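Below is one structure, written out as structure tokens; comments come after it.
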Amino acid sequence: MSAISSPASLLTVHTSSTSIQVLSLIRITAGLGAFIAPALFASRTFGFSASKGRAGAAAGVSVGANTTHPGDAAEQSLAIRLFGSRDIALGLLLRDSTAAVVTRAIQVGVISDVLDLVASVLGWVEGNLSPEVATASGGLAAVGAAFQIWVLNRA
């Protein structure tokens, strides 16, 4: 039974693989942390802070006609919550009883982690991320992708 037809299946782990259960718990926990307390999550996990440059804008960001305070804490919170909602959804899908759904969730997780790695590199190249933050976020994404590829090859 899939999670779409039976939401209760999301609350019970039906897969026998411990690595899938661990991956699910990591994604759900990280997602909830990012969604509930984005500023705390970002500062503790990646070292993000809302450093402001001239005119109240975040360093490396220009003020346009449509944005009065680009890069402010509210925008940063939204971006972190978007990450959190994605990880919650992927973590819940990993708890589905259908092997095809779990496999697809892991594949999508690999894709999203690789894209997170690329985003970290681009952020560093563009000067929007410090080397430390880019390394932390990119490294975490690389480890996540590698672990999920390992899980896929074991299944």
Checklist line | Rounded to the nearest 10 Å², the accessible area of LEU152 at probe 1.4 Å | finding: 50 Å²
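Rounded to a whole number, what % of the accessible area of region 101-155 do carbon and sulfur atoms account for, probe 1.4 Å?
Values: 2220 of 3170 Å².
The nonpolar share, carbon plus sulfur, comes to 70 percent.
Need the full-extension length gain, LEU32 to ALA100, defined as separation in residues times 0.36 nm minus the C-alpha distance. One decimal, nm.
The span from LEU32 to ALA100 would gain 22.0 nm if fully extended.
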Check: According to a simple spin-label model (label point 7 Å from Cα along Cα-to-Cβ), what is the distance in nm between ILE149 and ALA74?
Finding: 4.1 nm
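The values are calculated or read from the model by the stated rules, or taken from the named source; none is laboratory data. Remember, predicted model here, so these are calculated numbers, not experimental data. Ideal geometry is used to build each Cβ from the backbone, glycine not excepted, and the neighbour counts take in all protein chains shown. In case anyone asks, the SASA skips ligands and DNA or RNA and just uses the protein heavy atoms, side chains included. Shrake-Rupley method; radii C 1.70, N 1.55, O 1.52, S 1.80 Å.
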